[in-house]
Amino acid sequence: MEDAKKLEEFQAKIDAEIKIEPKDWMPEDYRKHLQRQISQHAHSEVIGMQPEGNWISRAPSLRAKVVLLAKIQDEAGHGQYLYSAAETLGKSRDEYIEELQSEKAKYSSIFNYPTLTWADMGAVGWLVDGAAIVNQVSLQRTSYGPYARAMVRICKEESFHQRQGYEIIAHMAQGTPEQKAMAQDALNRFWWPSIMMFGPHDSDSPNTGNATLWKIKRETNDELRQKFIDKTVGQAEIIGLTIPDPDLKWNEARGHYDFGKMDWDEFWNVVKGNGPCNKQRLEHHKKAHKEGKWVREAALTYAQKQKEKQMVA
Amino acid sequence: MTQQDALINYCLRLGDTSLILGQRMAEWTSNGPTLEEDIALTNISLDLFGQARTFLTYAGEVEGKGRTEDDFAYHRNEREFYNTLLSERPNGHFGDTIARNFLHAAFLYHLYSALTKSKDDKIAALASKSLKEVTYHLRHSSEWIVRLGDGTVESHQKIQDSINDLWMFTGDLFVMNEVDELLIKEGIAANLNEIKKLWDNTVNEVLQRATLKRPIDGFMQKGRLEGRHAECLGHLLAEMQFLPRAYPDATW
Ligand SMILES: [Fe+2]
Ligand SMILES: [Fe+2]
Ligand SMILES: [Fe+2]
């Protein structure tokens, strides 16, 4: 009975656009949904450091190296804010990391694709960060306060990343024939996985029911995907690259681009662990975590010793 | 040797050292023991690349032939690099990296402090900017030396081994030749014999706080002044320089 009343109050707040804060009452499903979504987002930021990290040592100029390194560092920072936001829901970062490593939690499938040439540093910033922004701008209005605030902070940096990525690929698209070919190849490989980042069609999407009612999700997968495609097509044209979709064309009546069929079979296979880099990414994360164990233990022991010394003194 | 030649070489020593150590530190991306430490380690890398860029650019200005930071970084071979032997040591485990960084940061801290008084205005300006950063690097690595040294039995043993293993590369930091002689006379360069005393004090103080033993000075490796390096530098450069070498007509 009491719960029904609480639920009613909770929904009234949501409907009035009042943010839910950590100490507020919330339905258990709301908490679980957010724990899953925010931690998945945090894991994505952290795992996403790997495909770009793959090119730091080979960046073709010192300026490009510094820009890339700073970008990846931003992603680590995003991981930090998001883990903090997720921790307000009553689970520790260690628990979330354990879920990632035991494959109970997912991260964005896009990071299971390899980065094969320097042009991929352009494509990832332009398309992957570009798609992330569309989603994250929408999440700035999400109903859970700490998540919404983390998104505001993150979005500012993501738009830098998107521009820097575009700058890299634009420069290559206007470069030597080899550079142009690398740029086109990167677009070819990253286009479809990028537009699938928004998730399945609304009609096949299992997790949206209450998420919409509770305003965790403010726009549907298909709406967000359409926004991304509409803003990206022109950007490709300007730099003379071709989006690898023969069905892509402007639909005057809809005021949007129509586009071809996505390969959901591939998508679900990559989600299930059969992508080119799933195993590599997770092993990398586990290895770093395991190799850091003695360091974390030493820091803890040292801090303990200091505390004891202070108590004696 | 002219003063100009000497100054170019001096800038390359400083620039190359920061560049190579920066490249090593960047390898920590996504490999740190915590997310916070991942960020701290790559912050150091970013500082070092910043220093490398300014010193290499200045080398090009002094030379006056239009060579840029990237020409120096990407289009020289192993034997033309003047970084310290310590800076190129592989990262190893976290303790190896901390030990290397500590021994190195203590050196750069005192060197840049001295160079803030250089009679070459540009060197003095770059040194004071770098000094702020290196002060942090020294603090970061010293704190870890103490934590690991006075942490668990395992961490104590590991960090002591790391310091012991790296010790033979520390002699190379303080070797001088006619470049130093000429520039010291002009009030541009620092006397590394003086820096060595300061370095000794810093290292002794921190090792003592960390309950660690200072290794006995044995035979020291040398080579930085002649561009004579360990095998690992060639691999580092091959990787770093790959793109500009593979596509000489391209800009990025
Ligand atoms: Fe991201
Ligand atoms: Fe991010
Ligand atoms: Fe980003």
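Read through the list (1) within 27 Å of A:LEU139 (Cα to Cα); (2) part of a loop (DSSP other than H, G, I, E, B), then give the number of the only condition that A:PRO246 fails.
Only one criterion is unmet by A:PRO246, namely (1).
Which of the following residues is away from ligand 2 (no atom under 16 Å from the Cβ), basic (Lys, Arg) and open to solvent by 10 Å² or more (accessible area, probe 1.4 Å): A:LYS156, A:LYS91?
None of the others qualify; the one that does is A:LYS91.
Give me the pairs: first residue in region B:107-126 and closer than 17 Å to B:LEU56 by Cβ, second residue crowded, with 18+ Cβ neighbours inside 10 Å and among the polar types (S, T, N, Q), beta-carbon distance under 7 Å, and six or more apart or on different chains, which are they?
Within 7 Å, the pairs are B:TYR112/B:SER130; B:LEU126/B:THR54.
Of all residues in region A:159-172, which are surrounded by fewer than 19 Cβ atoms within 10 Å (Cβ to Cβ) and either within 15 Å of ligand 1 (Cβ to nearest atom) or within 21 Å of A:HIS43 (Cα to Cα) (or both)?
Correct list: A:SER159, A:PHE160, A:ARG163.
Among the candidates A:ARG254, A:ARG296, which residue alone is outside any helix (DSSP H, G or I) and either more than 30 Å from B:GLY95 (Cα to Cα) or out of contact with any helix residue (DSSP H, G or I) (no Cβ under 6 Å at 6 or more places or on another chain) (or both)?
None of the others qualify; the one that does is A:ARG254.
What are the residues in region B:37-49 that are under 13 Å from the mean Cα position of the chain (by Cα) and at the interface with another protein chain (Cβ under 7 Å from one of its Cβ atoms), if any?
B:SER45, B:PHE49
Taking region A:245-288 on its own, how many of its residues are farther than 22 Å from A:THR115 by Cβ and either of a type in the set (A, V, I, L, M, F, W, C) or open to solvent by less than 70 Å² (accessible area, probe 1.4 Å) (or both)?
Residues flagged as farther than 22 Å from A:THR115 by Cβ and either of a type in the set (A, V, I, L, M, F, W, C) or open to solvent by less than 70 Å² (accessible area, probe 1.4 Å) (or both) within region A:245-288 amount to 12.
What about A:GLY175, is it within 14 Å of chain B (Cβ to nearest Cβ), more than 20 Å from the chain's Cα centre (by Cα) and either loosely packed, with under 14 Cβ neighbours inside 10 Å or at pLDDT 95 or above (or both)?
yes
Select, from A:ARG63, A:ARG58, the only residue that is under 23 Å from A:GLU283 (Cβ atoms) and of a type in the set (Lys, Arg).
Answer to the check: A:ARG58.
Looking only at region B:1-50, filter to residues that are of a type in the set (S, T, N, Q) and touching a Gly at 6+ places or on another chain (Cβ under 7 Å); which one of those is nearest to B:GLU226 (Cα to Cα)?
My answer is B:SER45.
Examine region B:83-92 for a residue that is of a type in the set (A, V, I, L, M), in contact (Cβ under 8 Å) with a residue 60 or more places away in the chain and under 18 Å from B:THR29 (Cβ atoms), and state whether such a residue exists.
Checking region B:83-92: not a single residue is of a type in the set (A, V, I, L, M), in contact (Cβ under 8 Å) with a residue 60 or more places away in the chain and under 18 Å from B:THR29 (Cβ atoms).
What about A:ALA76, is it open to solvent by 10 Å² or more (accessible area, probe 1.4 Å), hydrophobic (A, V, I, L, M, F, W, C) and facing another protein chain (nearest Cβ under 7 Å)?
The answer is no for A:ALA76.
Farther than 20 Å from B:ASP70 by Cβ and open to solvent by less than 20 Å² (accessible area, probe 1.4 Å): which single residue out of B:LEU41, B:LEU19 fits that description?
Residue meeting the stated conditions: B:LEU41.
The values are calculated or read from the model by the stated rules, or taken from the named source; none is laboratory data. Note that the structure is a prediction, hence the values are computed from the model and not measured. When we count neighbours, we look across all protein chains shown, and the Cβ atoms used for this are built from the backbone with ideal geometry, even at glycine. Quick note on the areas: whole protein, heavy atoms, side chains included, nothing else; ligands and nucleic acids left out. Shrake-Rupley method; radii C 1.70, N 1.55, O 1.52, S 1.80 Å.
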